[in-house]
Amino acid sequence: MNKNENVILSLLRDNSRISLTEMSKFTKIPISTLFERLKDYNNGLIKKHTTLVDFSRLGYDTRARVLYKAKKGESKKLGELLGTSRNVNELYKVNNGFDFMVEFIFKNMKEFEDYRDKISALYPIEKELVCYLVEEIKKEEFMSKPKLEIIGDTKVI
């Protein structure tokens, strides 16, 4: 990717609702060129347009990331269960001794613990590691600072 493409993506990551006119003013790229680039991006580079929600304001105060290692032969079934759960926000296939990393969102810790008990009863879990998310410090920030993309700031690690 060239520098202009990095800046365009950074602008979109920072504010996906930015107008082509604003983007053109910032980048000095003609609107017609930006329009064509965005059409190209929508063919696979950009996976999804979504809204980031503060779930605690909706009464969902318990968030946790859990690593699961299913007993031999149970991984596929566990993955299917997790993939259909309404309380799963993110689900990843991982390595290093685990099968899945899951982000759960629940109203309270009791609901979450009850759900974990149900999973353990349905699928033999070999190993589980739970991390409660206490405070969100940074989220969806990678490539979202267009000014740093223009300057090529090397001081930031």
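Bear in mind that the values in this text are calculations on the coordinates, not laboratory data. Small disclaimer: the values here were computed from a predicted structure and weren't measured. All Cβ positions, glycine included, derive from the backbone under ideal geometry; neighbour counts span all protein chains shown.
The figures follow:
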quantity: The chain: angle of helix 31-41 to the longest principal axis, Cα-based, in degrees nearest 10; calculated: 30
quantity: Aspartates and glutamates whose Cα lies under 15 Å from that of residue 147, excluding same-chain neighbours fewer than 8 positions away; calculated: 5, 14, 22
quantity: Within-13-Å neighbourhood charge of residue 111 [Cβ basis; K, R +1; D, E -1]; calculated: +2
quantity: Likely footprinting exposure, 50, 62, 33, fewest C-beta neighbours within 10 Å first; calculated: 50, 33, 62
quantity: Trypsin sites (Lys or Arg not before Pro) restricted to segment 33-78 and DSSP loop, no more than 13 other C-beta within 10 Å; calculated: 47, 48, 71, 72
quantity: Cβ-based exposure ranking for 23, 109, in which fewest neighbours within 10 Å come first; calculated: 109, 23
quantity: Residues 104, 35, 55, sorted so that the one with the fewest Cβ neighbours within 10 Å comes first; calculated: 35, 55, 104
quantity: Rg and Dmax of segment 3-50, Cα atoms only, in Å; calculated: 10.0, 27
quantity: Cleavage-rule hits, GluC sites (Glu not before Pro), segment 95-144, DSSP coil, Cβ neighbours within 10 Å at most 12; calculated: 135, 136, 140, 141
